[in-house]
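Here's the structure, in structure tokens; my notes come after.
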């Protein structure tokens with residue numbers, strides 16, 4: 001996943017080992033950078049039976065794409081690779097990403113709920129980065145649920161369970177997109193995922209799938225939701241959408257969020273609990 | 001709080017491309033590096049548009065994400081369990097390697113016809129599954145007791161297990177010491193000086209120190225406590241080596257692993273103090 005994962009919890013080593021294992025497990029199924037992954041073994045024009053890890057990730061990604069009218073689209077893998085996001089995060093080797101047909105979209109991917117198969121109708125490369133990492137965080141969080149209080153940080157995608165060591169809800173700070181070391185706002189969070197999409201860490205790595213260009217209207221989009229998969233996908237969509245649209249989307253979902261626009265204006269959902 | 005072991009830091013580095021990062025206790029910051037400053041503080045906009053009427057799908061998405069996590073968790077459960085077992089195996093190997101680097105300690109020789117008895121604890125009941133190291137050292141004193149319900153490693157004696165071991169909680173009731181009617185007396189010859197030894201447990205290590213004067217233990221204590229729980233839970237055991245002239249400290253209810261770690265640390269320290277007639281480690285009698 002090309003990210004640092006850290007877990008803070010008072011739990012036996014074996015339980016933490018299991019939590020970490022979820023990241024390897026989900027990645028082995030859902031990475032577009034690994035030629036041996038299940039995702040890369042999907043064949044154009046052929047219905048392929050998928051593992052629960054891949055199937056659930058793809059199904060959710062397609063639902064999110066439908067909900068956002070394509071602002072979130074998991075078929076951007078080919079275009080991302082063409083823009084240079086094609087190096088394996090660990091080996092730094094350029095991965096051989098199959099060429100995608102022009103104008104592909106999430107509508108070119110079909111799933112069969114009963115057979116649990118995935119069909120790519122046109123040549124394309126799925127990019128589940130905005131979903132799979134969240135899925136791994138959620139599974140790891142479930143693993144640590146018996147220990148009540150924990151914090152999982154997967155490259156800025158957080159799941160904060162229970163309370164911090166002082167017995168208070170966790171405090172999540174949203175960094176200023178431009179000023180190093182400055183925090184835009186702080187929130188009290190408990191048993192929620194907090195995911196942020198921004199261009200200040202990895203550059204313009206989020207494409208607006210509808211235009212094929214890097215999204216630029218938002219400096220950062222943060223979403224707090226019951227699951228990291230939902231929060232991560234929504235943050236990615238919110239980074240692409242118009243800020244007002246994003247807030248409306250989050251409110252429809254019943255989740256909280258904060259958008260920092262490119263002009264450094266703040267938009268937040270009404271239910272945000274500021275620290 | 002739990003800290004990543006060096007082994008795990010290493011494993012995580014394998015799967016990542018940057019320096020490890022830990023959330024600061026109590027304050028977690030989302031996202032990371034950014035471009036140089038370019039403008040002023042953000043300002044707030046309060047106006048918001050209304051939704052587009054996709055409420056049904058939206059609610060489905062929230063439910064779908066939760067259902068997906070459950071499905072994935074169920075599907076991967078066995079594989080992560082295997083990971084935990086591999087970790088346990090490797091942890092045991094590391095501990096065995098650490099023990100191998102210490103001089104061997106042979107078991108005490110309490111009379112076989114006088115098996116140890118356990119004073120009935122008022123509360124809470126204990127499952128007394130000992131670590132193999134301590135069990136081996138005390139084999140002659142425990143082998144007549146009822147085996148525990150839960151299996152342990154081959155050759156390691158087990159003891160009475162009325163109920164599963166409750167978690168150690170430093171804020172819970174005061175621990176109860178489980179004493180023996182006859183505690184074996186160690187009659188090793190110890191050299192004067194200060195000696196330390198390390199004892200491990202699943203919750204972390206304890207380093208103990210003993211001071212020997214005129215061949216007797218005059219002081220015992222804990223130098224370093226790396227257990228997840230505060231070492232105060234075994235405070236009543238700290239000076240028992242001085243009273244008993246032996247590392248054979250009692251168990252504390254709700255702190256049996258820490259008791260074991262302290263015992264093993266004392267054994268290691270006293271072994272360092274023991275006079276050796278040849279290249280072989282001294283056998284305490």
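The values are calculated or read from the model by the stated rules, or taken from the named source; none is laboratory data. Remember, it's a predicted structure, so these values are computed and weren't measured experimentally. Heads up, the Cβs are rebuilt from the backbone with ideal geometry, glycines too, and the neighbour counts pull from every protein chain shown.
Observations
- Flag if residue A:10 is at the interface with another protein chain (Cβ under 7 Å from one of its Cβ atoms), in contact (Cβ under 8 Å) with a residue 40 or more places away in the chain and surrounded by fewer than 22 Cβ atoms within 10 Å (Cβ to Cβ): yes
- Test: residue A:173 is in contact with a strand residue (DSSP E or B) (Cβ under 6 Å, 6 or more places away or on another chain) and facing another protein chain (nearest Cβ under 9 Å): yes
- Residue check, residue B:193 touching a strand residue (DSSP E or B) at 6+ places or on another chain (Cβ under 8 Å), over 28 Å from residue B:92 (Cβ atoms) and at pLDDT 85 or above: yes
- Which numbered condition residue A:61 misses (of (1) surrounded by 22 or more Cβ atoms within 10 Å (Cβ to Cβ); (2) at the interface with chain B (Cβ under 7 Å from one of its Cβ atoms)): (2)
- Taken over the range A:119-160, the criterion of being in a strand (DSSP E or B) and within 30 Å of residue A:102 (Cβ to Cβ) is satisfied by A:119, A:120.
- Matching residues, the range A:165-197, being buried (at least 24 other Cβ atoms within 10 Å of the Cβ) and assigned to a loop (DSSP other than H, G, I, E, B): A:177
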